[in-house]
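Trainee: Questions regarding the structure given below will be posed in turn.
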Amino acid sequence: MSESTDITEIRTAVRQLCAQYGEDYWLELDRTRGYPTEFVSELTKSGFLTVLIPENYGGAGLGVYEASVIMEEVCRSGAHAGACHAQMYVMGSVLRHGSDAQKQKYLPAIAAGDLRLQSFGVTEPTTGTDTTSLKTTARRDGDDYVINGQKVWISRIEHSDLMVLLARTTPKEQVSKKTEGLSAFLVHVGEAEGKGLEIRPIESMINHHSCELFFDDLRIPKENLLGTEGAGFKVILDGMNAERILIAAECIGDGRYFIDKASHYATERVVFDRPIGQNQGVQFPIARCYAEVEAAWPMVEKAARMFDAGEPCGAEANMAKMLASEASWRAGDVCMQTHGGFAFAKEYHIERKFRETRLYQIAPISTNLILSFIGEHVLGMPRSF
Ligand SMILES: Cc1cc2nc3c(=O)[nH]c(=O)nc-3n(C[C@H](O)[C@H](O)[C@H](O)COP(=O)(O)OP(=O)(O)OC[C@H]3O[C@@H](n4cnc5c(N)ncnc54)[C@H](O)[C@@H]3O)c2cc1C
């Protein structure tokens, strides 16, 4: 199926923007652990990072499908979308669950690029994937909530004005369902740091700006509760399908990037007096990866269309994320193999993308957890946890 003119125009415009930030720009940031401030600012000012914000709040009012195409193109250009992708889906928590006052206060400022909502605080060191067992608490005290606990792997918080935080307001033992008693809050990072919030960067395999957070009697005003107290799991969950679809689209972009690089190199590189791509042992793995990436894309499209139509799309979003992340990882591996020793040279850029795309089999949800969702919720097999 051919794409609409609008989508083709979005692709062209994003490609043009990304072309100004070549692969050397991303390599230098990776080396220095820098943040792509100029890139993120231009992506925001051009309206791409805020496409999901409705027009009455200053955004373009487009859907997750268009947003997916944008993130795919960003990744296909060689960029690292992980530096900025969260704004798209974290913002959905405010859009769908925020009060009118919160929407008026935050959404136009986010759309204008004056406020950054890039951070999402869920994961904890002792409970990991078992989100409903998280131990960070929020206790109501007068007009404030008082936060205590710890988070880990919270990305981009040093480059964000706001964070959506998930904490327990009612102990797990006192609720009938483990998903109850959790609440979501908007935290003003600048105001909180040093006054009950400590941020410690984690040195990690990729330049993802992830941090550990320590909360020690951090006070946040009750007006910063998102949605109703005790129903925060739903606030977070609603954003998760969008997150999975967008990350799946990024993996498609990574996969297409690897296949472009591998097929070019296999055609140009001459060993034993002929292009290495003439050998089917080199050519076939690339062709197989192409088939796998292109087969994953329709699932991403389907999930995005369902999300935009307001249909339940948990299974499709999960399947899209699993298929696309596995396809991009295999394409990265084949791209490395095709480049031989040069794959390890940083100036070829492949090893950076290879490291970056590996993340998506673990975060934001690991493949095992997706398989367990499909096994239990789609196929009706016994629950395992
Ligand atoms: C670079 C990076 C950035 C991140 N950014 C953020 C962020 O911004 N915000 C945020 O909240 N989190 C973030 N995360 C956290 C990420 O979402 C978690 O790492 C991920 O959900 C897995 O949790 P865990 O690391 O605790 O693994 P664990 O839960 O400890 O799991 C470890 C392994 O065991 C498997 N496993 C666990 N239980 C089961 C089971 N019952 N059945 C089968 N297999 C199982 C998992 O699949 C996984 O492979 C980030 C992580 C990384 C690495």
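The values are calculated or read from the model by the stated rules, or taken from the named source; none is laboratory data. Quick caveat, the model's predicted, so the values are computed rather than measured. We place every Cβ from the backbone using ideal geometry, glycine too, and count neighbours over all the protein chains shown.
Trainee: Within the stretch 25-64, how many residues turn out to be modelled with pLDDT under 95 and charged (D, E, K, R)?
Mentor: Of the residues in that region, 1 qualify.
Trainee: Also, I was wondering about something else. Could you tell me how many of the residues in the stretch 119-153 are under 21 Å from the mean Cα position of the chain (by Cα), more than 9 Å from the ligand (Cβ to nearest atom) and closer than 20 Å to Val94 by Cα?
Mentor: Adding up the residues that qualify gives 0.
Trainee: Let me confirm something: among Glu191, Glu158, Glu173, Glu124, which residue is part of a loop (DSSP other than H, G, I, E, B) and of a type in the set (Asp, Glu)?
Mentor: That would be Glu124, the only listed residue that is part of a loop (DSSP other than H, G, I, E, B) and of a type in the set (Asp, Glu).
Trainee: Given (1) more than 16 Å from the ligand (Cβ to nearest atom); (2) in contact (Cβ under 8 Å) with a residue 12 or more places away in the chain; (3) within 21 Å of Val69 (Cβ to Cβ); (4) touching a helix residue (DSSP H, G or I) at 6+ places or on another chain (Cβ under 6 Å), where does Met306 come up short, assuming only one miss?
Mentor: With respect to (1) more than 16 Å from the ligand (Cβ to nearest atom); (2) in contact (Cβ under 8 Å) with a residue 12 or more places away in the chain; (3) within 21 Å of Val69 (Cβ to Cβ); (4) touching a helix residue (DSSP H, G or I) at 6+ places or on another chain (Cβ under 6 Å), Met306 is out only on (2).
Trainee: Here is a list: Val69, Val64, Val94, Val74. Which entry is touching a Cys at 6+ places or on another chain (Cβ under 8 Å) and either under 23 Å from Ile259 (Cα atoms) or surrounded by 21 or more Cβ atoms within 10 Å (Cβ to Cβ) (or both)?
Mentor: The unique qualifying residue is Val74.
Trainee: Do any residues in the stretch 80-92 that are under 17 Å from Pro36 (Cα atoms) have Cβ atoms under 6 Å from those of residues that are of a type in the set (S, T, N, Q) and outside any helix (DSSP H, G or I), where the two are at least six apart or on different chains, and which pairs are they?
Mentor: These pairs meet every condition: Ala86/Gln118; Gln87/Gln118.
Trainee: Could you pull out the residue among Glu347, Glu356, Glu326 that is assigned to a helix (DSSP H, G or I), over 21 Å from Ala249 (Cβ atoms) and touching a residue at least 24 places away in the same chain (Cβ under 8 Å)?
Mentor: On inspection, the qualifying residue turns out to be Glu347.
Trainee: Return yes or no: is Asp143 in contact with a helix residue (DSSP H, G or I) (Cβ under 8 Å, 6 or more places away or on another chain), over 16 Å from Phe120 (Cβ atoms), among the acidic types (Asp, Glu) and touching a residue at least 24 places away in the same chain (Cβ under 8 Å)?
Mentor: yes
Trainee: Within the stretch 205-240, track down each residue that is of a type in the set (A, V, I, L, M), surrounded by 15 or more Cβ atoms within 10 Å (Cβ to Cβ) and over 17 Å from Ala86 (Cβ atoms).
Mentor: Leu218, Ile220, Leu225, Ala231 - these are the residues of the stretch 205-240 that are of a type in the set (A, V, I, L, M), surrounded by 15 or more Cβ atoms within 10 Å (Cβ to Cβ) and over 17 Å from Ala86 (Cβ atoms).
Trainee: For residues in the stretch 19-41 being in contact with a Phe, Trp or Tyr (Cβ under 8 Å, 6 or more places away or on another chain) and either under 19 Å from Glu72 (Cα atoms) or of a type in the set (Phe, Trp, Tyr) (or both), which is surrounded by the most Cβ atoms within 10 Å (Cβ to Cβ)?
Mentor: The extreme case among them is Phe39.
Trainee: Further question on the same structure: Does any residue of the stretch 130-138 turn out to be on the phi < 0 side of the Ramachandran plot and part of a strand (DSSP E or B)?
Mentor: Yes, that holds for at least one residue.
Trainee: For the stretch 320-368, give me the residue count where each residue is surrounded by fewer than 16 Cβ atoms within 10 Å (Cβ to Cβ) and aromatic (Phe, Trp, Tyr).
Mentor: Qualifying residue count, the stretch 320-368: 2.
Trainee: Any chance the stretch 93-114 includes a residue that's modelled with pLDDT of 95 or more and within 15 Å of the ligand (Cβ to nearest atom)?
Mentor: No - not one qualifying residue is present in the stretch 93-114.
Trainee: Would you pick out the residues in the stretch 154-211 that are free of Cβ contacts under 8 Å to residues at least 12 places away in the same chain, within 15 Å of the ligand (Cβ to nearest atom) and of a type in the set (Ser, Thr, Tyr)?
Mentor: Ser204
Trainee: If we only count helices (runs of 4 or more DSSP H) wholly inside the stretch 1-119, which ones have 2 or more residues that are more than 30 Å from Glu229 (Cα to Cα)?
Mentor: 5-19, 23-32, 37-45, 64-76
Trainee: Here is a follow-up. Can you spot a residue in the stretch 304-315 that is buried (at least 22 other Cβ atoms within 10 Å of the Cβ) and part of a helix (DSSP H, G or I)?
Mentor: Taking every residue of the stretch 304-315 in turn, at least one turns out to be buried (at least 22 other Cβ atoms within 10 Å of the Cβ) and part of a helix (DSSP H, G or I).
Trainee: Just the residues that are more than 8 Å from the ligand (Cβ to nearest atom) and touching a residue at least 24 places away in the same chain (Cβ under 8 Å), please, taken from the stretch 372-385.
Mentor: Selection gives Phe373, Ile374, His377, Val378.
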